[in-house]
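Written below as structure tokens is the structure these notes are about.
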Amino acid sequence: MGLIASLFSVLFGGERNLVRDTVEVFRPNAEADAERDATRYAASLAQFAAEFAQPRRGLFDRVIDALNRLPRPFLALGTLGLFVSAMIEPIWFSQRMQGIALVPEPLWWLMGAIVSFYFGARHQTKSQEFQSGLAATLARAPQVAANIKELSTLLEVPDEWEEPNRALSDWRAQNGR
């Protein structure tokens with residue numbers, strides 16, 4: 001008995017497991033590997049969410065955002081207005097278009113550059129806001145999964161709680177089912 005006890009003490013004593021330690025040299029511990037992956041994933045999501053976090057916006061920022069939303073509807077409605085004015089007052093419309101024909105080409109290039117930069121910057125801002133919202137949603141995903149798992153365990157009814165329907169089982173017995 002003493003030999004076997006001392007052998008087990010050498011292999012598993014001192015809060016260590018020589019077999020496990022030897023195997024982990026050749027194959028990583030799956031549980032510890034999963035914990036490291038989860039920690040790494042949570043840290044990267046937290047970093048991503050912090051990168052795109054925006055402070056609370058004041059009145060000035062909201063007013064400027066409202067003003068920034070106006071050019072696109074004005075351009076679209078203005079273009080439709082040009083079509084309507086061409087149909088209602090063709091002479092008036094033709095006179096205005098002759099005036100536009102006199103605008104020098106460099107000025108058209110400048111206007112194109114301004115409009116392109118405006119819409120490009122607006123697109124980039126909206127894209128970054130979308131990514132920050134996505135990062136915040138992904139950061140909440142592990143907590144949501146844990147909540148769903150907890151709720152599903154609450155919905156499971158243990159077998160000892162289920163009582164058989166005696167009337168139904170009697171009916172099945174009488175009808176051969």
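The length gained on full extension between Tyr41 and Leu80, counted as 0.36 nm times the residue separation minus their Cα-Cα distance, comes to 9.0 nm. Note that segment 118-131 has calculated 3J(HN,Hα) couplings of 4, 6, x, 5, 5, 5, 5, 4, 5, 5, 5, 5, 5, 5 Hz, one per residue in order, obtained from phi through the Karplus relation 6.51 cos²θ - 1.76 cosθ + 1.60 (θ = phi - 60°); glycine and proline are x.
Sequentially through segment 60-75, phi angles give Karplus couplings (6.51, -1.76, 1.60; θ = phi - 60°) of 4, 4, 5, 5, 5, 4, 5, 5, 5, 7, 6, x, 5, x, 5, 5 Hz, Gly and Pro residues having no value and appearing as x. Simple rule: put +1 on each Lys or Arg Cβ and -1 on each Asp or Glu Cβ in the chain, find the dipole, and look at Thr79, Ala30, Tyr118; the Cα lying farthest toward the positive end is Thr79.
Phi-derived couplings, Karplus 6.51 cos²θ - 1.76 cosθ + 1.60 at θ = phi - 60°, listed residue by residue for segment 79-94: 5, 5, x, 4, 5, 5, 5, 5, 7, 7, 10, x, 5, 4, 4, 5 Hz, with x used for Gly and Pro.
Pairs of Cα atoms nearer than 8 Å and 6+ residues apart set the relative contact order; for the chain it is 31 percent.
Working note: Debye formula, equal point scatterers on the alpha-carbon atoms of the chain, no solvent; log10 I(q)/I(0) at q = 0.08, 0.11 Å⁻¹ is -0.72, -0.90.
Its Cα centre serving as origin, segment 1-145 has a Cβ charge dipole (Lys and Arg +1, Asp and Glu -1) of approximately 460 debye.
Values quoted throughout were computed directly from the atomic coordinates according to the rules given, and no laboratory measurement underlies them. Nothing here was measured: the structure is a model prediction, and the numbers come from that model. We place every Cβ from the backbone using ideal geometry, glycine too, and count neighbours over all the protein chains shown.
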